[in-house]
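Coordinate-derived values only; no laboratory data. All of these numbers come straight from a predicted model, not from anything done at the bench. Cβ coordinates were reconstructed from backbone atoms using ideal geometry, including for glycine residues, and neighbour counts include every protein chain displayed.
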Amino acid sequence: MKGKTVNLHKRFTLSLGLVALLGITAVGASAETVMKGTFSLPVEAYWGNTRLPAGGYTLALNKEVTGINTVVVRGDGVAATFIAPAGPEEISTRSCLKVDEINGAYVIRELDAGSLGKSYKFGVTKAVRNMTLRGSAGQPVAVPVSDNGGL
């Protein structure tokens, strides 16, 4: 019986230590918003696996404490967060979303953050690829993003 009590005590102590560590991490964790903007999609489009109906949206580009960039998109009943891997090339000073048409489906492939001079690329998910029946890509469309001056 004594062995079970010691094991329970160790397990409780470890659990309490992990909860305390997670609590400290959560309290200190916050993202820095580096760009805010708005855009209007003229057609339904997919961003990752998220379907965005045609309409108006807000976006925030955040730099997380982990160093990872995320894009938070809100509008028309949608609230989604996407990891934003930065691309290596230079971009223009205007902000826009690059939308590709793949066999009748529109997919957001890139965010050019003009005020930051950076471009963020997004892949097409397997589910969206399968939905489009592996059709050929049409000409990309640029959707302007009204940039709030970097913030």
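Miscellaneous remarks
- Projected over all directions and averaged, the alpha-carbon convex hull of the stretch 66-115 occupies 5.0 nm².
- Rg/Rh ratio calculated on Cα atoms of the stretch 32-147 (Kirkwood radius): 0.94
- Each label point was placed 7 Å from the Cα along the Cα-to-Cβ direction; for Ala79 and Ser30 their separation is 1.9 nm.
- Put simply, when 53-59, 96-102 are sorted by average Cβ atoms within 10 angstrom per residue, most first, you get 96-102, 53-59.
- The H on the amide N of Glu110, modeled in the peptide plane, is under 5 Å from the matching H of Lys98, Phe122, each at least 5 residues off or on a different chain.
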